[in-house]
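Read the structure below first, then the notes.
Values in this text are rule-based calculations from the coordinates and carry no lab data. Values in this document were obtained by computation on a predicted structure and should not be read as measured data. Note that each Cβ is placed from the backbone with ideal geometry, even for glycine, and that neighbours are counted across all protein chains shown.
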Amino acid sequence: MTGKAVIFEAMPTGDAQRIWDGGPDAYGNPPERAVSDGSGLPCRHCLQMIADGKPYLIIAYRPFESITPYAETGPVFLHADPCQRAESSGELPQSLDSPSYLVRGYSDDQRIVYGTGSVVARVDVSRYAGALFANPAVAFVDVRSASNNCFQCRILADDQMDIMPGQAARAGIKPGAQISVPYRHKAQST
């Protein structure tokens, strides 16, 4: 199974900043505060583990622009203090250190592409995600916990440069702009 080169994308800074600024999570609740025991809590913004003794936030997160039956929402961790967003990279993020992950493709309208979801060994995440992009229905791929289904990060094909619907409006960018922003993807032709 061969495919495209992939890019791992962290939670957009705008999403994290809203929480750090006191905004509610996806369910309208304030974030829960806790202190890390160093047991492997991945921050979805910097894609690093939250160190022992460091404060962190637990929020309900929905990494989708629209609310549909496919817009999964679940708990994620975020450093309590602002952290630098992980650079978009073709390298597997440090925070992905479990033996396996649920890797699943989504369409341009942010719905699951049936038949794409699979529990994949950590070492095969990039290869499997790249192969999913051979399916023209797949616009982006999400990586989720294989045991808890929590969102980890998004994967884009390396050649994707358009931004997702809704990202432009939030960022004040005209539709169709060819720029590099979190969660960008190429619109699929019909």
Problem set entry | Within-14-Å neighbourhood charge of Y128 [Cβ basis; K, R +1; D, E -1] | +3
Exercise. What is the calculated FRET efficiency for E32 to A134, with r their C-beta to C-beta distance and R₀ = 30 Å, to the nearest 0.05?
Worked result: 0.15
For this session: Grab the other residues whose beta carbon is less than 10 angstrom from that of I112, score K and R as +1, D and E as -1, and report the net.
Result: 0
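How many percent of the alpha carbon pairs in region 88-171 exceed a separation of 15 Å?
Considering region 88-171, 56 percent of its Cα-Cα pairs are separated by more than 15 Å.
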Exercise. What's the center-to-center distance, using Cα atoms, between region 88-150 and region 22-59 in Å?
Worked result: 22
For this session: May I ask you to work out the translational diffusion coefficient for region 24-103 at 37 °C, viscosity 0.692 mPa s, via Stokes-Einstein with Rh from the Kirkwood sum over Cα pairs, reported in whole µm²/s?
Result: 239
Exercise. Quick one: length gained pulling D158 to E87 fully straight, 0.36 nm per residue minus the C-alpha distance?
Worked result: 24.2 nm
Exercise. Summing +1 for each Lys or Arg and -1 for each Asp or Glu, what net charge is found among the other residues whose Cβ lies under 12 Å from the Cβ of S98?
Worked result: +1
For this session: Please give the contour-minus-distance gain from A51 to R122: 0.36 nm per residue of separation, less the Cα-Cα distance, rounded to one decimal in nm.
Result: 23.4 nm
